[in-house]
Amino acid sequence: MSRAKSSPAGAERSRTLRALPPPEPTLASSVLDRLRADIVYGRLGPGEKLRLEHLAVTYDVGRTPLREACCRLASEGLVTIVDQRGFRVTPISRADLIDLTRTRQQIETLALRASIFRGDLAWEGEVTAALHRLTRLSKPSGGRGAPPRLDDTWESEHGKLHAALLSACDSPWLLRFHSLLFDQSERYRRLATAYGQPERDIDGEHVALVRAALERDAERACALLTEHIARTTDRVLAAHPALAATEPQPALRGGMSTK
């Protein structure tokens, strides 16, 4: 595939958008973001009842924006409405994670292929910068042999790298689906980290993925992304006791075994 060229108009538009200050969050959007983060990061556990009176005190807001946030998160699959009487954090299951993984592999590789085809020089710079920020954050903090730092800042930059890779895709629907699926996957991964983090060259996987994307090798980039997602699921399934297999299941793409 030939390398995409940046247009002067496109480059100028990208510079203008980056120069604009981000809009101030509304109360509703702020509550939504905080509640989503607490679910994705595991601070509110699977199946936990969301008592609006308690959350109102924790978030220092009224019940109305909390109820609206819960309804919005129900549409995203992170919250379940219980017989119109209340809300609970959506439970987790092995079957759900496997289905989620297959769907994410298909959606994200489709968006990545389009992004590689359409990405300009500004896109290349954004992807490179996102990778640089992420790899700096994941350096071991305790000297040789220490595990990498995977704190909330790393988690945020990790999401930004995946979003940057797909950002040149021209389909808002694909990007929206990616965002929903990524949050769901991150919730599973974060829940599993409490049971240990198997050794993994996560930086190496990201570097190889970015290199293939910037070289416009869509086939290799999509194969690496598929395997990257599968490896994460493999480790989550192996680590979290609630996701143990009860019977043999077919392997996911990327050579991942779910047994």
Quick one: is T193 closer than 24 Å to T90 by Cα and surrounded by fewer than 18 Cβ atoms within 10 Å (Cβ to Cβ)? yes
Can you tell me which residue within segment 209-234, out of those that are at pLDDT 95 or above and among the acidic types (D, E), is farthest from G125 (Cα to Cα)? E227
Residues that are polar (S, T, N, Q), at pLDDT below 75 and surrounded by fewer than 17 Cβ atoms within 10 Å (Cβ to Cβ): does segment 70-92 have at least one? yes
Kindly evaluate R133 against the criterion of being in the same structural domain as D234 (by TED's automatic domain parsing) and in contact with an Asp or Glu (Cβ under 9 Å, 6 or more places away or on another chain). yes
Among what's in segment 33-51 and is within 18 Å of the chain's Cα centre (by Cα) and basic (K, R), pick the residue that is surrounded by the most Cβ atoms within 10 Å (Cβ to Cβ). R36
Take segment 52-71 and flag every residue that is among the aliphatic types (A, V, I, L, M) and either part of a loop (DSSP other than H, G, I, E, B) or within 24 Å of the chain's Cα centre (by Cα) (or both). V61, L66, A69
Considering every residue within segment 146-161, establish whether at least one is modelled with pLDDT of 95 or more and hydrophobic (A, V, I, L, M, F, W, C). yes
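The values are calculated or read from the model by the stated rules, or taken from the named source; none is laboratory data. Since we're looking at a predicted model, the values are computed, not measured. Positions of Cβ are backbone-derived with ideal geometry, glycine not excepted, and every protein chain shown enters the neighbour counts.
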